Every structure is written in C-alpha cells, then in structure tokens.
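Asker: Could you have a look at this structure, given as structure tokens, before my questions?
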Amino acid sequence: MVELGVLRKVFQDYSVEKVSVLQPEQVLKQHWQAIQAMRFKYKVDAMVRCAQCLLLIRKEHGSFMTYLAGMGLPGAIKSDVDILCFWTAFGRLRAYLWELDFPYFQNLTSLCHLLMDIGFDCAKPDLAVMKAAVDLGIVAPPAKQKKNPQKSRGHSEEALRRTVQAIQAYAISRNTRPSIIDLYFLIRGGQTGVRHLVKAGYPFLA
C-alpha cells in the first residue's frame with residue numbers, strides 16, 4: 001500500500017490538518033477495500049488520532065521534531081552519559097505521549113522504533129531482537145503462562161529496555177550506531193525480512 005501510494009491518497013497526502021478532521025467511519029466506508037491489508041479497522045481511528053496529536057504538538061511546540069530537540073535526546077550516543085541522558089529524556093517523552101493519549105507510541109517498543117527510524121541512536125526490541133537477546137544471554141527467556149505453559153507472557157519492559165541499552169553500549173564500544181547492531185540482532189533472531197541479506201544456509205535462519 002505504501003509503495004503504490006494507496007495510503008497517501010486515502011490519508012490526504014499525509015496532511016496533519018486534513019487527516020485530523022477525517023471521520024474514521026467514512027474512511028472505512030469509502031476506502032476499506034483499498035486498505036484492508038491493514039487488517040484491523042481500528043488502525044484508521046488510531047491514524048486520525050495520531051494526526052490530531054501531532055497537530056496539538058505543532059501548535060504547542062512548532063513541530064514534533066522541534067519538541068524532540070528540546071527534550072534532551074542525544075542526537076548521537078557516544079558515551080555512557082549519553083545513554084543515561086537518552087533514557088531520562090525517553091521517560092519524559094513517553095509520559096507526554098501518555099498525556100496526549102497518542103496511539104501506539106506510548107508503547108516502549110513502538111516508541112523505540114519511531115526514534116530509531118527518525119535517526120536517533122536507538123533499537124527496536126521486537127520479537128526477533130529479543131530472541132537474539134535471549135540467545136546472547138542479555139536477558140532471560142520470558143516467563144511461561146501458568147494456564148498455558150506452552151505460551152510465554154512476553155518480555156517485561158525492564159528486559160526490553162535492558163536489551164536496547166546493551167545494544168547502545170555495544171555500539172559505542174564498536175564505534176558504530178545502534179541501528180547497525182539492531183540489524184545484526186534481527187539476523188540472529190531469524191527475522192524473515194532480512195533473509196535476503198545473508199547467504200542461504202545461514203545458521204540462524206534455519
């Protein structure tokens with residue numbers, strides 16, 4: 001949908017002002033056939049709410065990026081002090097997004113993903129990355145559910161944060177960026193989207 005420009009057309013060329021006043025039920029009625037690859041209809045409501053939140057941030061701070069610039073988030077992490085500054089600012093940012101009722105990015109993993117995508121020294125602790133973190137001994141495997149021992153409860157936020165911090169610290173030691181280490185973790189974790197980056201038979205993609 002992104003490559004074909006379907007979302008851009010449905011969501012008004014991504015204009016924050018225009019999307020913020022869309023009626024989700026009308027979008028679904030008129031365009032669901034074109035965007036049903038989204039799978040969940042509630043995502044349309046969330047996208048409209050995201051636009052409304054961005055508009056509020058723009059009115060208060062000028063832009064989302066201007067707001068982030070004033071949060072104290074290091075543009076690049078070069079030391080342990082930078083890591084500490086990053087997570088202090090991360091906590092303030094997350095609290096602000098909770099206050100706005102900003103969809104999705106109240107979630108630690110999603111917010112990490114957003115920050116990494118817009119250029120901050122972060123990593124996304126998704127399933128593949130956390131699998132690699134367990135394999136490497138950074139965190140313990142998630143606890144099993146009592147009612148269903150075959151299923152895990154998922155990693156705690158502490159474990160997610162510890163994994164990202166470990167990636168940031170290792171990136172410093174190797175004079176590289178956390179996003180590069182994140183890619184290595186995705187490969188180690190067997191993420192399907194990176195299979196084309198390694199040779200056939202690579203052990204962690206078996």
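The values are calculated or read from the model by the stated rules, or taken from the named source; none is laboratory data. This is a predicted model, so every value here is computed, not measured. Note that each Cβ is placed from the backbone with ideal geometry, even for glycine, and that neighbours are counted across all protein chains shown.
Asker: May I ask you to verify whether Gly5 is at pLDDT below 90, surrounded by fewer than 12 Cβ atoms within 10 Å (Cβ to Cβ) and within 30 Å of Ile172 (Cα to Cα)?
Answerer: Judged against the criteria, Gly5 is not a match.
Asker: Can you name the number of the only condition in (1) within 16 Å of Ala76 (Cα to Cα); (2) touching a strand residue (DSSP E or B) at 6+ places or on another chain (Cβ under 9 Å) that Ala143 fails?
Answerer: Checking Ala143 against (1) within 16 Å of Ala76 (Cα to Cα); (2) touching a strand residue (DSSP E or B) at 6+ places or on another chain (Cβ under 9 Å), the one that fails is (1).
Asker: Between a first residue in the stretch 110-130 that is more than 15 Å from Ile77 (Cβ to Cβ) and a second residue that is surrounded by fewer than 24 Cβ atoms within 10 Å (Cβ to Cβ) and aromatic (Phe, Trp, Tyr), which pairs have beta carbons less than 6 Å apart while being 6 or more apart in sequence or on different chains?
Answerer: Ser110/Tyr104; Leu111/Phe105; Leu114/Phe105
Asker: Here is a list: Ile77, Ile138, Ile172. Which entry is more than 26 Å from Lys43 (Cα to Cα) and in a helix (DSSP H, G or I)? Steps first, please.
Answerer: On the way: Ile77 fails: in a helix (DSSP H, G or I); Ile138 fails: in a helix (DSSP H, G or I).
Answer to the check: Ile172.
Asker: Which of the numbered conditions does Tyr104 fail, given that it passes all the others? Conditions: (1) outside any helix (DSSP H, G or I); (2) buried (at least 19 other Cβ atoms within 10 Å of the Cβ); (3) of a type in the set (Phe, Trp, Tyr).
Answerer: (2)
Asker: Sort through Ser173, Ser156 and tell me the only one that's touching a residue at least 12 places away in the same chain (Cβ under 8 Å) and either within 22 Å of Ile77 (Cα to Cα) or surrounded by fewer than 21 Cβ atoms within 10 Å (Cβ to Cβ) (or both). Break it down stepwise before answering.
Answerer: Working: Ser173 fails: touching a residue at least 12 places away in the same chain (Cβ under 8 Å).
Residue meeting the stated conditions: Ser156.
Asker: Taking into account only those residues within the stretch 19-63 that are assigned to a helix (DSSP H, G or I), free of Cβ contacts under 8 Å to residues at least 12 places away in the same chain and of a type in the set (D, E, K, R), which is surrounded by the most Cβ atoms within 10 Å (Cβ to Cβ)?
Answerer: Taking the stretch 19-63 first, the residues assigned to a helix (DSSP H, G or I) are 19-20, 24-38, 42-61.
When the remaining residues are screened for being free of Cβ contacts under 8 Å to residues at least 12 places away in the same chain, the result is 25-26, 29-30, 32-33, 36, 42-43, 59-61.
Of the ones still in play, those that are also of a type in the set (D, E, K, R) are 25, 29, 43, 59-60.
Working: Glu25: 11, Lys29: 9, Lys43: 15, Lys59: 8, Glu60: 10.
Within the stretch 19-63, the match that is surrounded by the most Cβ atoms within 10 Å (Cβ to Cβ) is Lys43.
Asker: Can I ask one more? Which residues, taken from the stretch 175-203, are outside any helix (DSSP H, G or I) and modelled with pLDDT of 95 or more?
Answerer: If the condition is that a residue be outside any helix (DSSP H, G or I) and modelled with pLDDT of 95 or more, then Asn175, Thr176, Arg177 are the ones that fit.
Asker: Please determine, by comparing only the residues of the stretch 6-65 that are touching a Pro at 6+ places or on another chain (Cβ under 9 Å) and β-branched (Val, Ile, Thr), which one is farthest from Glu99 (Cα to Cα).
Answerer: Going through the qualifying residues, I end up with Val44.
Asker: Which numbered condition trips up Ala89, out of (1) within 22 Å of Arg161 (Cα to Cα); (2) outside the structural domain of Glu157 (by TED's automatic domain parsing)?
Answerer: Condition not satisfied by Ala89: (2).
Asker: Would you call Leu84 without any contact (Cβ under 8 Å) to a residue 40 or more places away in the chain and part of a helix (DSSP H, G or I)? Lay out the reasoning, then the answer.
Answerer: Values: without any contact (Cβ under 8 Å) to a residue 40 or more places away in the chain: yes; part of a helix (DSSP H, G or I): yes.
Answer is yes for this residue.
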